[in-house]
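These notes concern the structure reproduced below.
The values are calculated or read from the model by the stated rules, or taken from the named source; none is laboratory data. Keep in mind the model is a prediction, meaning the values are calculated, not measured. FYI the Cβ positions are ideal-geometry reconstructions off the backbone, even for glycines, and counts take in every protein chain you see. These accessible areas exclude ligands, DNA and RNA; they are computed on the full protein's heavy atoms, side chains included. Shrake-Rupley method; radii C 1.70, N 1.55, O 1.52, S 1.80 Å.
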Amino acid sequence: NKELRSKLTRLHKSFTSSKQQGKNELATLRREVLDRRTEYDSLKLASGKRMRELINLRDEAKACELEATRTTQDDTPLASQIRLLENRLDTAMIKYNEAQSIKSTYEHIVKRLKEERVGFDNQLAAMERTVQAKQRDYEELLLLSGDASHARDVAQQNLHAVRCDYEEKRAGREGDLRERHQFVKIRKQMIERQKK
């Protein structure tokens, strides 16, 4: 009975700690996913910013080269109009490159988040299955505990009945023994009287 009781206590503690551990692991995984996501986003944004700066610097260098070559050309109205259109084209290209870089960054972030969501959903489902299995184990242990408690009660009742029966028989034997001693004593006294 003591062994069964101690096993039940250990299993109950194990289930409680496993359930708490499962919740703690789930919370830790969620925090870790959020931390990694934040870190990744910040690094990706910084990378995109650096890429845009590089593109801007290249465009500025290209503009400087064009400006240097233009100074050698004649300043005709047609040339100034061409320069104006080239400048507008360069500005449009810079904006287009920036937009493409930003689009690529966000597409990559969306792809990564979708992949993480699938993995996170799988982990969450596995944890939920583990918790359900532990709950079933706990319910079975409760049933076993009830059965063990009932068996202990029945055994104690049987033990009490056996003890009562033993005490009754012992009291009866002691009474018989006293009567026989008394009989033997009386018999000895009678024998001694006869001898005198």
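Across q = 0.16, 0.25 Å⁻¹, segment 68-155 modelled as identical point scatterers on its alpha-carbon atoms has Debye log10 I(q)/I(0) values of -0.86, -1.11, in the order of the q list. Highest GNM mean-square fluctuation among T76, T28, T105, for the chain modelled with Cα contacts below 10 Å: T76. Computed as a quarter of the hull surface, the mean projected area of the alpha carbon convex hull for segment 111-167 stands at 4.0 nm². Mean-square fluctuations from a GNM of the chain, with a 10 angstrom spring cutoff on Cα atoms, peak among E168, E107, E140 at E168. Solvent exposure of segment 96-140, expressed per residue, is 75 Å² of accessible area, with all protein chains present and a 1.4 angstrom probe. Note on the chain: with a GNM built from Cα contacts shorter than 10 Å, the maximum mean-square fluctuation among S104, S149, S80 falls on S80. What the pair-distance distribution of segment 90-133 shows, using all Cα-Cα distances binned every 10 Å from zero, is 25, 24, 19, 15, 10, 5, 1 percent. Panel note: the C-alpha atoms of the chain, placed on their principal axes, show extents of 174, 26, 11 Å (largest first). Straight-line cross-link partners of K111 among the aspartates and glutamates, defined as a Cα under 18 Å from its Cα and at least 8 positions apart when in the same chain: D35, E39, D41, D121. Based on the alpha-carbon gyration tensor of segment 100-196 and its eigenvalue square roots a ≥ b ≥ c, which shape applies: rounded if a/c is under 1.5, prolate if not and a/b is larger than b/c, or oblate? Prolate shape, in that a/c is at least 1.5 and a/b is the bigger ratio. Label separation (A79 vs Q132): 8.0 nm, computed from points 7 Å beyond Cα along the C-beta direction.
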